[in-house]
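A short write-up of the structure that comes next.
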Amino acid sequence: MPELLIELFSEEIPARMQQKAADDLRQLVTNALVGQGLTYEGAQAHGGARRLVLSVEGLDAKAADVNEERKGPRTDAPQPAIDGFLKSTGLSLEQLKVQDDKKGQFYLAVMRKPGRAATEIIAEILPDTIRKFPWPKSMRWGSGTLRWVRPLHSIICTFDGEIVPFEIEGIRSGNTTRGHRFMGSQHIEVRRFEDYALKLSREFVIVDANARAETIRTEARNLSFAQGLELIEDEGLLKETAGLVEWPVVLMGSFDESFLNVPPEVIATSIKTHQKCFALRNAVTGRLANRYLLVSNLVAKDGGHTIIAGNNKVIAARLSDAKFFWDQDRKVKLADWAKKLDAITFHAKLGSQGERVTRIETLSAEIAKTIGADIEKARQAARLAKADLVTGMVGEFPELQGLMGRYYALDQGFDAEVADAIRDHYKPVGPSDTIPVSRIGQAVALADKLDTLVGFWSIDEKPTGSKDPYALRRAALGVIRIILDKGLRLPLAFCGEDLLAFFADRLKVYLKEQGRRHDLIDAVFALGNQDDLVMIVKRVEALSSFLETDDGRNLLAGVKRAANILRIEEKKDGVTHDGEVHISQLIKDEEKALHSAITQAVDQARRAVEQEDFEGAMSAIAKLRAPVDAFFEQVTVNDKDATLRENRLRLLNRIRQATAEVADFSKIEG
């Protein structure tokens with residue numbers, strides 16, 4: 001079937017924008033095609049340094065014909081009205097249909113509208129797509145009004161191998177593109193994606209970003225292995241370099257060994273940030289090597305020696321700067337750096353960073369006491385946790401905050417646990433990040449995040465919809481992960497009801513992502529006063545296991561039946577049946593047995609819950625299954641005797657109350 005090929009060729013597109021731009025192009029064009037009545041089999045989009053490419057396979061050559069219905073005047077309407085309708089539709093009276101509605105009969109025109117050719121539709125939608133393309137940043141050039149991320153030079157637009165003609169700002173669509181800027185032909189004619197990709201590869205352009213990335217990865221690993229080194233993998237840098245080049249060539253450079261006295265993370269960050277280079281380590285010792293890998297965009301005639309020499313000079317200068325920061329920062333005590341935080345505003349309504357550190361220190365001590373961490377070490381780590389924010393190194397490389405604090409703390413003789421806690425107190429910074437290992441680190445990390453949450457809640461700066469400028473959702477998730485991963489018994493009631501509800505929502509999201517049933521989470525939260533995250537999860541796990549048994553499933557059905565009867569009867573009576581059950585009015589053996597079973601189950605479940613034995617609580621509630629079944633089989637709840645009916649409804653309410661010892665069964669599906 002026919003294929004649509006599009007290429008938008010421009011000056012260099014920033015690497016960070018390429019993937020989203022390719023996705024946007026695919027979505028915008030295919031949505032517009034479908035909106036015009038065309039269907040297709042598949043679409044692939046690619047982004048590169050100088051081009052966005054889209055191939056739509058199996059595209060209809062013509063949109064389907066459609067019938068358009070237009071309601072006309074009533075059949076007994078004045079003749080001028082009918083004549084006007086006929087003129088507007090281009091039909092004769094005999095071609096109209098007659099239909100009935102509540103007001104009588106009316107004329108209906110059914111007009112067959114022939115589908116438009118795909119080329120006509122493409123020539124209409126593509127200029128509109130280009131003009132409205134959602135670049136995060138764009139520019140104008142020359143005297144035109146078109147905005148694009150960088151000056152747009154040419155457009156390929158072919159359908160079934162033939163050019164789809166249109167023009168935008170003096171740029172006419174065609175079927176020619178350009179190869180590599182320095183090594184390839186500047187005039188390549190193409191018809192379809194297959195020959196487009198093949199011809200470009202012969203002209204030193206790899207169209208597929210994933211293929212470019214894999215080329216870099218493979219060459220980097222092979223080159224490292226040949227020198228007894230290992231590549232320090234960095235997926236973010238790999239994707240970025242794949243977006244900077246069209247024909248990746250990996251080369252190895254080096255720097256003076258004296259720079260290895262600087263922390264390895266500083267070196268790796270410096271060469272990555274400034275030169276987009278990969279760090280290497282010794283394959284035997286695991287230590288950082290004085291070698292690095294760069295990704296060139298051409299095959300140099302001298303084997304890349306000139307390129308390597310130029311990069312070596314630049315990297316030497318950058319590492320000299322890093323070494324300067326490292327040497328200068330260590331001349332100042334961390335405690336003195338920390339004093340400078342008083343002059344830095346954290347938030348206009350929440351005071352300075354220094355004031356925040358004081359709060360974190362106090363909270364760290366309280367948490368340390370609760371979770372069994374060394375209180376004084378936790379205080380010390382919290383007091384120094386933010387000190388590196390004002391150092392020269394972190395000023396140059398903000399991503400090293402915390403890590404540099406650890407290095408400076410160790411250099412100044414602080415306890416290793418304190419130093420590690422300084423490094424780890426930001427953790428976890430994302431869903432895939434690790435959490436602090438030590439109790440001291442956990443205490444400070446929790447204090448840091450809880451202070452942020454409580455502070456912003458106090459000034460009513462809460463996340464709304466998709467907006468979360470202070471990353472409060474991430475902070476809450478960090479608290480949840482630390483507590484649950486380490487089983488920390490840290491009540492959160494001090495956070496306040498509103499913030500506690502926010503934690504509840506974040507916990508639901510987290511547990512759902514772990515595969516837990518959302519209805520069971522709701523059933524536990526519905527009990528109220530849930531500020532111990534570990535206990536909430538234990539309840540959910542016990543409830544889940546219970547409901548997987550026959551007793552659990554059948555009891556759930558019985559409880560729901562009781563709840564439904566109560567809901568109907570309470571609505572009918574206009575009152576709730578939550579009074580005491582009168583034993584003297586229990587006349588049937590099955591209702592007597594149920595009342596006795598409920599009393600025992602509630603007593604056993606409460607004792608089990610107090611001992612945090614939720615499996616035991618579920619086992620106690622499970623004993624209600626048989627008496628509940630027997631009750632519904634042998635006892636008529638809505639007895640003619642109003643006294644018996646009221647007492648039995650109260651007994652049903654006791655079933656609901658009994659199961660509420662472990663969860664709100666009304667929230668459970670099934």
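The values are calculated or read from the model by the stated rules, or taken from the named source; none is laboratory data. If you're wondering where the values come from, they're calculated on a predicted model, not measured in any experiment. Cβ sites come from the backbone with ideal geometry, for glycine too, and all protein chains shown count toward neighbours. Just so you know, the surface numbers come from the protein's heavy atoms only, side chains and all, with ligands and any DNA or RNA stripped out. Shrake-Rupley method; radii C 1.70, N 1.55, O 1.52, S 1.80 Å.
Quick one: Kirkwood hydrodynamic radius for segment 22-97, alpha-carbon pairs, angstrom, one decimal?
Details: mean 1/r = 0.0615 Å⁻¹.
About 16.2 Å, per the Kirkwood formula over Cα pairs.
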task: Calculate the length of the line joining the C-alpha centroid of segment 138-159 to that of segment 164-233, in whole Å.
output: 20 Å
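For segment 266-376, what value does the Rg/Rh ratio take when both radii are computed over Cα atoms and Rh is the Kirkwood radius, given to two decimals? Let's see the in-between values first.
Numbers: Rg = 22.0 Å, Rh = 18.4 Å.
Ratio value, two decimals: 1.20.
So for each of 412-419, 359-366 I average, over its residues, the number of other beta carbons within 10 Å; can you give me the resulting order with the highest mean first?
Going from most to least packed, we get 359-366, 412-419.
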field: Vicinal HN-Hα couplings computed from phi for segment 489-504 (Karplus, 6.51 cos²θ - 1.76 cosθ + 1.60; Hz; Gly/Pro x)
entry: 8, 10, x, 10, 4, 5, 6, x, 4, 5, 5, 5, 5, 5, 4, 4
Viscosity 1.567 mPa s, temperature 4 °C, Stokes-Einstein D of segment 301-460 from Kirkwood C-alpha radius, µm²/s: 77 µm²/s
- line: Amide H contacts under 5 Å for D639, restricted to residues at least 5 apart in sequence or on another chain and with H modeled in the peptide plane, are R645
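Mind ordering 339-345, 76-82, 272-278 by average Cβ neighbours within 10 Å, highest first? Write down the numbers at each step before the final one.
On the way: 339-345: 13.4, 76-82: 11.6, 272-278: 18.9.
Going from most to least packed, we get 272-278, 339-345, 76-82.
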- line: At q = 0.19, 0.29 1/Å the base-10 log of I(q)/I(0) from the Debye formula over the alpha-carbon atoms of segment 573-643 is -0.86, -1.24
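Normalising by the residue count of segment 10-124, find the relative contact order in percent from Cα pairs under 8 Å and 6+ residues apart.
Numbers: 165 pairs, mean separation 29.5, N = 115.
So the answer I get is 26 percent.
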message: Using a 1.4 Å probe on the protein heavy atoms, what percent of the accessible area of segment 120-257 belongs to carbon and sulfur?
response: 49 percent
Heavy-atom accessible area per residue - segment 360-445, 1.4 Å, Å²: 38 Å²
query: Amide H to amide H under 5 Å from R50: which residues, 5+ apart in sequence or cross-chain, H placed 1.01 Å off N in plane?
result: I13
Expected 222 nm ellipticity per residue - DSSP helices of 4 or more, -39500 (n - 2.57), all of the chain, to 500: -16000 deg cm²/dmol
query: Which whole-number percent is the relative contact order of segment 175-304 (Cα, under 8 Å, 6+ apart)?
result: 23 percent
- prompt: Given H placed on each backbone N at 1.01 Å, which residues far from S352 in sequence or on other chains put an amide H within less than 5 Å of it?
  reply: F346
Karplus 3J(HN,Hα) series, Hz, for segment 556-562 with 6.51 cos²θ - 1.76 cosθ + 1.60 (x for Gly, Pro): 4, 4, x, 5, 5, 5, 4
query: Can you pull the semi-axes for segment 296-360, root of five times each eigenvalue of the Cα gyration tensor, sorted largest first, whole Å?
result: 45, 16, 7
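Suppose we take every Cα in segment 456-539 and form the convex hull; what volume per residue is that in Å³?
Working: hull volume 8.2 nm³, N = 84.
Output value, Cα hull per residue: 97 Å³.
How large, in Å, is segment 134-242 by the Kirkwood hydrodynamic radius built from its alpha-carbon pairs? Intermediate results must be reported in sequence, preceding the final value.
Working: mean 1/r = 0.0593 Å⁻¹.
This gives a value of 16.9 Å.
In Å³ and rounded to a whole number, note down the convex hull volume per residue for the Cα atoms of segment 271-321. Intermediate values should be presented prior to the final figure.
Numbers: hull volume 4.4 nm³, N = 51.
Residue-normalised Cα hull volume stands at 87 Å³.
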field: Derived scalar couplings ³J(HN,Hα) [segment 67-84; Karplus, 6.51 cos²θ - 1.76 cosθ + 1.60; whole Hz; x for Gly, Pro]
entry: 9, 10, 9, 10, 6, x, x, 5, 5, 9, 6, x, 4, x, 5, 5, 4, x
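Per the 1.4 Å probe, what fraction of the accessible area of segment 397-481, in percent, lies on carbon and sulfur atoms? Could the numbers behind the result be given before it?
Details: 1760 of 3390 Å².
Looking at segment 397-481 in its full context, I get 52 percent from C and S.
Would you please report the Å³ per residue occupied by the convex hull of the alpha carbon atoms in segment 523-670? Intermediate values should be presented prior to the final figure.
Values: hull volume 15.8 nm³, N = 148.
Measuring per residue, one finds 107 Å³ for the Cα hull of segment 523-670.
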task: Could you order peptides 422-429, 563-570 by the average number of other Cβ atoms within 10 Å of their residues, highest first?
output: 422-429, 563-570
field: Relative contact order of the chain, defined on C-alpha pairs under 8 angstrom at six or more residues apart (%)
entry: 7 percent
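Which entries in the list K369/K467; K508/K538; K449/K512 go over 24 Å, if you measure between the two C-alpha atoms of each? Don't jump to the answer; show the numbers that get you there.
Values: K369/K467 35 Å; K508/K538 14 Å; K449/K512 22 Å.
Over 24 Å Cα-Cα: K369/K467.
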message: Just checking my list (1) 11; (2) 42; (3) 38 against percent of Cα pairs over 51 Å apart computed from this structure; which label fits?
response: (2)
message: What does the net charge come to around G184 if you take all other residues with beta carbon closer than 14 Å to its beta carbon, with K and R at +1 and D and E at -1?
response: +3
query: List the chymotrypsin sites (Phe, Trp or Tyr not before Pro) in segment 483-565 that DSSP assigns to loop (not H, G, I, E or B) and whose Cβ has at most 12 other Cβ atoms within 10 Å. Which are they?
result: none
